[in-house]
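The values are calculated or read from the model by the stated rules, or taken from the named source; none is laboratory data. The structure presented is a predicted model; accordingly, all values stated were derived computationally and were not measured. Every residue, glycine among them, receives a Cβ derived from its backbone with ideal geometry; neighbour counts consider all protein chains shown.
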Amino acid sequence: MMENANFHIDKTLSCLWDKINHIHLEIRNQLRHRILQIAQFYRVSLVKFEDLSWSRHSKKAVSGKWIAYHQIHWFHSKIIQHVGQAAKRVGIKVGVVNARWSSQICSHCAIGNDIALNITMQSNKNHLHDYFGSRTGKQFRCKQTLYKDGTSHHKFELDADLNAARNVSIRPLIRSFV
């Protein structure tokens, strides 16, 4: 009786994982198609992704959070690979940039500033203190009151994800896939 129950549980789990893998494949295909469609429409020659490998997850008491975290990183890297393979066929390059603090550094202040752009894995927040803003939920606000040259007042507010995307767009590649 117990053997029969284990068989059904194993079969059900196997079917569920197959469905999850099918859904992941469909999402990757849809994202790849949309990303390349947008890149081709705007005649983009390089698509940049965030490198999330720097963020390390501390062990959690609940294994569900651990699995969810690692599944997201795995899925993110699969999307990059999927887009990279398809982009190569249409002549678009795909690269990865360091995403550390990209949603916390002001993209306006970072433009043309080597310290704010060339963030390494060993970068220290103290070196970048002047470029950090405040993030409240989805809103980013720069804490600088003057432009870099000191000539006029600088009040910069933006959606935090858009601010991060702008930082990713101006950062140098750390790895290229094409």
Inset, instruction - State all residues of segment 141-162 that are at pLDDT 75 or above and more than 13 Å from residue 50 (Cβ to Cβ); if no residue qualifies, say none. - result: 141, 142, 143, 156, 157, 158, 159, 160, 162
Inset, instruction - Test each condition in (1) surrounded by 11 or more Cβ atoms within 10 Å (Cβ to Cβ); (2) over 22 Å from residue 168 (Cβ atoms); (3) modelled with pLDDT under 90 for residue 100 and report the one that comes out false. - result: (2)
Inset, instruction - Can you run down the residue pairs with Cβ atoms below 9 Å, 6 or more apart or on separate chains, where the first is in segment 81-92 and within 17 Å of residue 175 (Cα to Cα) and not assigned by TED's automatic domain parsing to the domain that holds residue 38 and the partner is part of a helix (DSSP H, G or I) and of a type in the set (Ser, Thr, Tyr)? - result: none
Inset, instruction - Can you confirm whether segment 111-123 contains a residue that is in a helix (DSSP H, G or I), surrounded by 18 or more Cβ atoms within 10 Å (Cβ to Cβ), modelled with pLDDT under 85 and in contact with a strand residue (DSSP E or B) (Cβ under 7 Å, 6 or more places away or on another chain)? - result: yes
Inset, instruction - Tell me, please, whether a residue that is loosely packed, with under 14 Cβ neighbours inside 10 Å, at pLDDT below 90 and basic (Lys, Arg) can be found in segment 32-52. - result: no
